[in-house]
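In what follows, a structure is listed as structure tokens, so that the remarks can point back to it.
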Amino acid sequence: MSAPGNGPGNGEAWLEERLRPSLAQKLRIDKQLYRDKTEHQDLIVFEHQLYGRVMALDGIVQTTEADEFVYHEMMTHVPILAHGAAKRVLIVGGGDGGMAEEALKHPLERLVQVEIDRTVVDIARAHLPSISGGAYDDPRMELLIADGARYVQETDERFDVVIVDSTDPVGPGEILFSREFYAGCKRCLTPGGIIVTQNGIPFFERYAVENTYRRLGMLFSDVSFFLAPVPAYIGGFMAFGWGTDNAALRRQPVELIAERFKVLGIKLRYYNPAIHQAAFAHPQFLVDILEALDRDAG
Ligand code: SAM
């Protein structure tokens, strides 16, 4: 985080997001709304001319008012509409509440969200109300403040979809990319259930795709990724990990997805059935990465 006066103009404050050793992006802090160290992370919320209100944890942009719809719509509606009969959904992480808001647009019986940092929830509700909407007040929703990695190993509950809306694999979020955690998620899934994961930017983070593909591949018979461009997560499209034992679920005909979507009767800003289907199409460099992993796995 550069202090005031270190930006291009005088007296300007900037968030410098160090993405790679040789790459960073800077966002001018037009108005700081909150900044403190929580029990787990450094949390800042500020206003930005292009992104609206922005939340960052440990200097990494988590969500912005302007583009959160892409990420939250894709990580909820793709698995829930592909599943077709999801009633119980688990979100691990998701402190800003955007994932819960989108998931609750479906006729779910129960949504459990396990978020490690209470302050992230409190500050998101206070300063980013447009992202969480009324999610945290929805009677179907239960918010647990706990380590998601421990929850999935211990809970007796079972879920049709597990959404891992984690920070990046550093700090408290690192464990949410481990094989043990994914095994815990598998344990919590009903037969034919689906796990989806925040899986970084393949163009810069090939290792994230490789690791998830290998680790989920040890647990599920059908593993892949779906893609969407989230402007604040620079470097091209973002990958979302996909794991299930029902291989038909990611190959549903677009007409079936469209029928299910029509029943919902909602209008979104990024997701639609055509985008759902297209999101599973991979550029050749990603095809090549996954084919090489398949060959290595023999
Ligand atoms: N959209 C963001 C991204 O793509 O990086 C993620 C947003 S959300 C704010 C990430 C959440 O994961 C944070 O609220 C953080 O506190 C939470 N988190 C990190 N590690 C966790 C853990 N072990 N258990 C539960 N929640 C965790």
- request: Apply 1/(1 + (r/R0)^6) to the Cβ-Cβ distance of K37 and R179, taking R0 = 25 Å, and write down the FRET efficiency to the nearest 0.05.
  value: 0.25
query: In what sequence, highest mean first, do 72-79, 172-179 appear when ranked by Cβ atoms within 10 angstrom?
result: 72-79, 172-179
query: In a Debye calculation with equal point scatterers on the alpha-carbon sites of region 215-298 and no solvent, what is log10 I(q)/I(0) at q = 0.12, 0.20, 0.21 Å⁻¹?
result: -0.45, -1.08, -1.15
message: What's the ranking of 280-288, 126-134 by average number of surrounding C-beta atoms within 10 Å, highest first?
response: 126-134, 280-288
task: Report the extension gain between Q153 and R187 in nm, rounded to one decimal, defined as 0.36 nm multiplied by the number of residues separating them, less their alpha carbon distance.
output: 11.5 nm
query: Which order do I234, I29 take by accessible area at a 1.4 Å probe, largest first?
result: I234, I29
message: Sequence gap at least 6, Cα distance under 8 Å: using those rules, report the relative contact order of the chain to the nearest whole percent.
response: 14 percent
query: How large is the helix-only mean residue ellipticity at 222 nm for the chain, computed as the sum of -39500 (n - 2.57) over DSSP H runs with n ≥ 4, divided by its residue count, in deg cm²/dmol to the nearest 500?
result: -9500 deg cm²/dmol
statement: Descending packing, highest mean Cβ count within 10 Å first, for 45-52, 139-146, 61-68, 92-99 is 92-99, 61-68, 45-52, 139-146
- prompt: Relative contact order of region 110-259: what whole-number percent is it, with Cα pairs under 8 angstrom and at least 6 residues apart?
  reply: 18 percent
- prompt: Put a dot 7 Å past each Cα toward the Cβ at E109 and D137; how far apart are the dots in nm?
  reply: 2.7 nm
query: Mind listing the phi-derived Karplus ³J(HN,Hα) values for region 40-57, rounded to whole Hz, using 6.51, -1.76 and 1.60 with θ = phi - 60°, and x for any glycine or proline?
result: 10, 8, 8, 10, 9, 10, 8, 8, 10, 4, 9, 8, x, 7, 10, 10, 10, 10
- request: Would you mind giving the average projected area, over all directions, of the Cα convex hull of the chain in nm² with one decimal?
  value: 15.0 nm²
- prompt: Mind checking the angle between helix 118-127 and the chain's longest principal axis? C-alpha axes, 0 to 90 degrees, to the nearest 10.
  reply: 70 degrees
- prompt: Hey, rough spin-label estimate for A66 and R18, points 7 angstrom out along Cα→Cβ, what's it come to in nanometres?
  reply: 2.5 nm
- prompt: Quick one: Cα convex hull volume of region 102-237, Å³ per residue?
  reply: 126 Å³
- prompt: For region 1-108, what is the charge dipole size about the Cα centre, in debye to the nearest 20, if Lys and Arg each add +1 at the Cβ and Asp and Glu each add -1 at the Cβ?
  reply: 200 debye
task: Please work out how much length the chain gains when fully extended from E255 to F280, using 0.36 nm per residue of separation minus the C-alpha to C-alpha distance, in nm with one decimal.
output: 7.4 nm
message: How compact is region 170-264 by the rule of thumb for globular proteins, expressed as Cα Rg over 2.2 N^0.38 Å?
response: 1.16
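The values are calculated or read from the model by the stated rules, or taken from the named source; none is laboratory data. Keep in mind the model is a prediction, meaning the values are calculated, not measured. Glycine gets a Cβ as well: all are built from the backbone with ideal geometry, and neighbour counts include every protein chain shown. Only protein heavy atoms, including side chains, enter the accessible area calculation; ligands, DNA and RNA are left aside. Shrake-Rupley method; radii C 1.70, N 1.55, O 1.52, S 1.80 Å.
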